[in-house]
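Note sheet for the following structure.
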Amino acid sequence: MGSCAWAFPPPSAWPDGDIIITGADLEPATLVTAYRRGLFPMETQSLPGALCWWSPNPRGIVPLDGLRVTRSMRQSAKQYVVRVNTCFRDVVRACGNPLRKDGWITEPFMEAYARLHDLGWAHSVEVFDREGQLAGGLYGVRIGGLFAGESMFHVRRDASKVALMFLVTAMREAGMTLLDVQWCTDHLASLGAIEVSRERYLALLAEAVEPAAV
């Protein structure tokens, strides 16, 4: 994969806002280095054309023992088949549907995460209906005990929730410890996501990724 060509500032030099720095690139080594340091890339309409690196404060996470699974979600899970890493690019493209509100997953991002997937760092959870159609899913980056969730989508009821249920179970079985969801939206909060301070997130991150080699 090579080494990262960029030097990200240490947390002690980070500004108070959610955007830490702009620039760099979407090369695999850059992405993995950034995630290990608590940063992720995203473009924003307030800075058109700029590649921004974010560390939200507070940060949204889903405690692996705190996912709220309703009876409806359990019933929905019986209607679907869940697979992992069988159609990563399809999941990313569905998450990047330009018709979605506040869409930010552009072609360069799709290509960057596809490369990361080919190298074994990025993964997808895919939910199929009984007709074999992709009904929902999610994707993100795994480093050691961290899964950094990037985006999820659904075209059938509860399909993205079923993907999240599967992910949490798989993470617990694998001994992973940290599920990052970036921001704690109302939707994610209803599923058990909570907010933690940046300082707390970085401490949890250090524990999660410490055994992993870049």
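The values are calculated or read from the model by the stated rules, or taken from the named source; none is laboratory data. This is a predicted model, so every value here is computed, not measured. No Cβ is skipped: glycine too gets one built from the backbone with ideal geometry, and neighbour counts run over all protein chains shown.
Yes/no per residue for (1) in contact with a Phe, Trp or Tyr (Cβ under 7 Å, 6 or more places away or on another chain); (2) touching a residue at least 12 places away in the same chain (Cβ under 8 Å):
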residue: Asn57; (1), (2): no, yes
residue: Arg68; (1), (2): no, yes
residue: Ala77; (1), (2): no, yes
residue: Pro98; (1), (2): no, no
residue: Trp104; (1), (2): no, yes
residue: Leu119; (1), (2): no, yes
residue: His123; (1), (2): yes, yes
residue: Asp129; (1), (2): yes, yes
residue: Tyr139; (1), (2): yes, yes
- Message: It is to be established whether one or more residues within region 52-65 are under 18 Å from the mean Cα position of the chain (by Cα) and closer than 17 Å to Met110 by Cα.
- Response: yes
- Item | region 87-107, subset more than 15 Å from the chain's Cα centre (by Cα) and surrounded by 13 or more Cβ atoms within 10 Å (Cβ to Cβ), residue farthest from Leu31 (Cα to Cα) | Arg100
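Restricting region 68-86 to residues that are among the β-branched types (Val, Ile, Thr) and modelled with pLDDT under 95, which is nearest to Ala29 (Cα to Cα)? Break it down into steps so the answer makes sense when it comes.
Residues of region 68-86 that are among the β-branched types (Val, Ile, Thr), as a first pass: 69-70, 81-82, 84, 86.
Next, from what is left, pick out any that are modelled with pLDDT under 95: 69-70.
Working: Val69: 36, Thr70: 39 Å.
By that ranking, first place goes to Val69.
Name every residue in region 181-201 that is over 21 Å from Met73 (Cβ atoms) and of a type outside the set (A, V, I, L, M), in order of residue number. Write out each step before concluding.
Let us first name the residues in region 181-201 that are over 21 Å from Met73 (Cβ atoms), namely 182-183, 195-201.
Result: Gln182, Trp183, Glu195, Ser197, Arg198, Glu199, Arg200, Tyr201.
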- With the first residue restricted to region 148-165 and required to be farther than 25 Å from Tyr201 by Cα, and the second required to be part of a loop (DSSP other than H, G, I, E, B), Cβ contacts under 6 Å at 6 or more apart or on different chains are Arg156/Asp129; Val162/Tyr80
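Are any residues in region 184-204 under 13 Å from Asn57 (Cβ atoms) and in a loop (DSSP other than H, G, I, E, B), and if so, which ones? Talk me through it step by step, then tell me what you get.
Filtering region 184-204 for residues under 13 Å from Asn57 (Cβ atoms) gives 184, 195-202.
Residues satisfying the conditions are Cys184, Ser197.
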- Residue satisfying all of: in region 1-48; free of Cβ contacts under 8 Å to residues at least 60 places away in the same chain and acidic (Asp, Glu); nearest to Arg115 (Cα to Cα) among these: Asp25
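Select, from Ser76, Ser72, Ser3, Ser12, the only residue that is surrounded by 15 or more Cβ atoms within 10 Å (Cβ to Cβ) and either more than 18 Å from Trp104 (Cα to Cα) or within 15 Å of the chain's Cα centre (by Cα) (or both). First the steps, then the outcome.
Details: Ser72 fails: surrounded by 15 or more Cβ atoms within 10 Å (Cβ to Cβ); Ser3 fails: surrounded by 15 or more Cβ atoms within 10 Å (Cβ to Cβ); Ser12 fails: surrounded by 15 or more Cβ atoms within 10 Å (Cβ to Cβ).
Of Ser76, Ser72, Ser3, Ser12, the one residue that is surrounded by 15 or more Cβ atoms within 10 Å (Cβ to Cβ) and either more than 18 Å from Trp104 (Cα to Cα) or within 15 Å of the chain's Cα centre (by Cα) (or both) is Ser76.
Would you confirm, using the coordinates I've provided, whether His123 is surrounded by fewer than 21 Cβ atoms within 10 Å (Cβ to Cβ), of a type outside the set (Gly, Ala, Ser) and under 13 Å from the mean Cα position of the chain (by Cα)? So that I can check it myself, show each step before the final result.
Details: surrounded by fewer than 21 Cβ atoms within 10 Å (Cβ to Cβ): yes; of a type outside the set (Gly, Ala, Ser): yes; under 13 Å from the mean Cα position of the chain (by Cα): yes.
Taking the combined requirement at face value, the residue satisfies it.
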- Task: Scan (1) within 19 Å of Arg142 (Cα to Cα); (2) not hydroxyl-bearing (Ser, Thr, Tyr); (3) not in a strand (DSSP E or B) for the single condition Val181 breaks and write down its number.
- Result: (3)
- Those strands (runs of 3 or more DSSP E) lying entirely in region 1-68 with at least 1 residues under 27 Å from Ser190 (Cα atoms) and small (Gly, Ala, Ser): 59-61
